[in-house]
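Trainee: Starting off with a structure, shown below.
The values are calculated or read from the model by the stated rules, or taken from the named source; none is laboratory data. As the structure is a computational prediction, the values presented were derived from the model and not from experiment. Cβ atoms come from the backbone with ideal geometry, glycine included; neighbour counts cover every protein chain shown.
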Amino acid sequence: MKIVKWTRRTVSGVFIILLISAAILVISAKVTGGQPEIFGYQLKSVLSGSMEPSIQTGSIIAVKSVDEKDRSNFQSGDVITFIGEEDKLITHRITDVISTDDNVVYTTKGDSNNAPDPDPVLAENVIGVYNGFTIPYVGYIINFAQSPNGSILFMIIPGLLLLGYAGFTIWRTLKRLDHIEKKKPM
């Protein structure tokens, strides 16, 4: 019985911590108007194989957010995340740095691409730098979770399970109270 109680308390504690963490991430994203950050890092899903084998398709990478003043301090070989065409985020390696009087422009290339990217990257479009933290295959799960079917699987079903667990707990408590009431002498 002690093991069951300990397991139940541990599982409940983990659920509460995950719920609070998710709420903090959502609130921070809404307050800042951008992507949620954890200790100055944003988590990004990798949707293409342009950086393989360094970064696998379907991975999650941690990208360190950069300030405006730091956007022009990168060197050839650094892996940056920048805003490309149609506001699409791209993570590629810098192959060349061109400094002009008023701006810095980067030439970038995906590690598995044959040619550099056609458009140079203005320093003001750089949003982060990749420092090597990768979790393989988790990006597939996150992309699925953002789809309509994923919303059902990851939000509605756990909600129903929590409601069912709450109902079961209430039923069990009422049964125990009824049992205690029956044992009382009249």
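Trainee: Before we move on, is P36 loosely packed, with under 11 Cβ neighbours inside 10 Å, under 19 Å from G139 (Cβ atoms) and either at pLDDT below 80 or not small (G, A, S) (or both)? Talk me through it step by step, then tell me what you get.
Mentor: Values: loosely packed, with under 11 Cβ neighbours inside 10 Å: no; under 19 Å from G139 (Cβ atoms): yes; either at pLDDT below 80 or not small (G, A, S) (or both): yes.
So P36 does not fit the description; no.
Trainee: Here are some conditions: (1) part of a strand (DSSP E or B); (2) surrounded by fewer than 13 Cβ atoms within 10 Å (Cβ to Cβ); (3) within 30 Å of the chain's Cα centre (by Cα). I156 meets all but one. Which one does it not meet?
Mentor: All conditions pass for I156, except number (1).
Trainee: Related question: Of the residues that make up the range 56-63, is at least one surrounded by 15 or more Cβ atoms within 10 Å (Cβ to Cβ) and closer than 22 Å to P118 by Cβ?
Mentor: Looking for residues that are surrounded by 15 or more Cβ atoms within 10 Å (Cβ to Cβ) and closer than 22 Å to P118 by Cβ, one finds at least one in the range 56-63, hence yes.
Trainee: On the given criteria, is I142 touching a Ser or Thr at 6+ places or on another chain (Cβ under 9 Å), closer than 30 Å to V11 by Cα and hydrophobic (A, V, I, L, M, F, W, C)? Spell out how you get there, then give the answer.
Mentor: On the way: touching a Ser or Thr at 6+ places or on another chain (Cβ under 9 Å): yes; closer than 30 Å to V11 by Cα: yes; hydrophobic (A, V, I, L, M, F, W, C): yes.
In short, yes.
Trainee: Somewhere in the range 123-132, is a residue closer than 22 Å to T57 by Cβ, crowded, with 16+ Cβ neighbours inside 10 Å and of a type in the set (S, T, Y)? Give the derivation first.
Mentor: As a first pass, look at the range 123-132 and keep what is closer than 22 Å to T57 by Cβ: 127-132.
Filter again for crowded, with 16+ Cβ neighbours inside 10 Å, leaving 127-130.
Subsequent filtering for residues that are of a type in the set (S, T, Y) retains 130.
Yes, there is a match, as at least one residue in the range 123-132 is closer than 22 Å to T57 by Cβ, crowded, with 16+ Cβ neighbours inside 10 Å and of a type in the set (S, T, Y).
Trainee: Out of the residues in the range 72-108 meeting the condition of being among the acidic types (D, E) and at positive phi, tell me which one is nearest to the chain's Cα centre (by Cα). Spell out the reasoning first.
Mentor: First pass over the range 72-108, keeping only residues among the acidic types (D, E): 78, 85-87, 96, 101-102.
Subset that is at positive phi: 86-87.
On the way: E86: 22, D87: 19 Å.
Applying the filter and picking the extreme gives D87.
Trainee: Then there is this: Somewhere in the range 105-127, is a residue β-branched (V, I, T), in contact with a Gly (Cβ under 6 Å, 6 or more places away or on another chain) and part of a strand (DSSP E or B)?
Mentor: Within the range 105-127, the subset β-branched (V, I, T) is 105, 107-108, 121, 126-127.
Restricting the remaining residues to those that are in contact with a Gly (Cβ under 6 Å, 6 or more places away or on another chain) gives none.
The answer is no, given that none of the residues of the range 105-127 is β-branched (V, I, T), in contact with a Gly (Cβ under 6 Å, 6 or more places away or on another chain) and part of a strand (DSSP E or B).
Trainee: Only one residue in K44, K69 is within 18 Å of the chain's Cα centre (by Cα), closer than 14 Å to G128 by Cα, modelled with pLDDT of 75 or more and among the basic types (K, R). Which one? Spell out how you get there, then give the answer.
Mentor: Working: K69 fails: within 18 Å of the chain's Cα centre (by Cα).
None of the other options fit; the residue is K44.
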